[in-house]
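Below is one structure; the comments refer to it alone.
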Amino acid sequence: MSDAIQAEILALTQRLLDAIAARDWPTYEQLCDPSLTCFEPEARGQLVEGLPFHRFYFDRQGLSAPRNTTICSPHVRIIGDAAIVSYVRLTQSANAAGDFVTSATEETRAWRRHGTGWRLVHLHRSIGS
């Protein structure tokens, strides 16, 4: 596998996570395929299709506490015009009392080469142990 492609996928994934932390919908929408599918805790075991489910969370006001996101132990696999990246995501933030907290989620994201770039087509996120 090309180290350059692996680095590009990790950089795109970090950019996506930074957009989520900043509630930057234009960047998130640019990086995701409109037919994005996902399994994640908020979907309560259901396969979600499309971006409207995600848009709901970006549009919520009053939830703008600073957050920092770190990708740990990433593994990238390239399969033709697709890339699969798996990692543990650590998210640091402050709770209502001002105490710092760190949460962990286990994530797998599937990217597909689209023209000259990549678009996220599927994600699976689980609460870390």
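Quick one: divide the alpha-carbon radius of gyration of the stretch 78-129 by 2.2 N^0.38 Å and tell me what you get.
Computed over Cα atoms of the stretch 78-129, the ratio equals 1.54.
Based on the Cβ-Cβ distance of Gln14 and Arg44, what FRET efficiency does E = 1/(1 + (r/R0)^6) give at R0 = 30 Å, to the nearest 0.05?
Approximately 0.65, to the nearest 0.05.
Counting other beta carbons within 10 Å of each Cβ, put Trp111, Trp118 in order, fewest first.
If I rank by nearby Cβ atoms, fewest first, I get Trp118, Trp111.
Which shape class, rounded, prolate or oblate, goes with the stretch 36-91 when its Cα gyration tensor gives a ≥ b ≥ c as root eigenvalues, a/c under 1.5 marks rounded, and past that a/b bigger than b/c marks prolate?
Oblate.
Roughly what angle does helix 3-22 make with the longest principal axis of the chain, taking Cα atoms, 0 to 90 degrees, to the nearest 10?
The two axes meet at around 30 degrees.
Quick one: which residues, 5 or more positions from Gly128 or on another chain, have an amide H under 5 Å from its amide H? H modelled 1.01 Å from N in the peptide plane, none for Pro or chain starts.
Long-range HN contacts for Gly128: Ala104, Thr105, Glu106.
Taking only DSSP H segments of four or more residues, each worth -39500 (n - 2.57), what value at 222 nm results for the chain once the sum is divided by all its residues, to the nearest 500 deg cm²/dmol?
So the calculated ellipticity at 222 nm is -8000 deg cm²/dmol.
Grab the Cα-Cα distance for Ile127 and Thr102, subtract it from 0.36 nm times how many residues apart they are, and report the gain in nm with one decimal.
7.8 nm
Quick one: putting +1 on the C-beta of Lys and Arg, -1 on the C-beta of Asp and Glu, what dipole do you get for the chain around its Cα centre, in Debye to the nearest 20?
Its charge dipole is roughly 60 debye.
I need the fraction of alpha carbon pairs in the chain separated by more than 26 Å, rounded to a whole percent.
In whole percent, the long-distance tail amounts to 19.
Any read-out appearing in this document is the output of simple, stated calculations on the displayed coordinates, not a laboratory observation. Please read these numbers as outputs of a predicted model, since none were measured by experiment. Here Cβ is always computed from backbone atoms with ideal geometry, including for glycine, and neighbour counts include all displayed protein chains.
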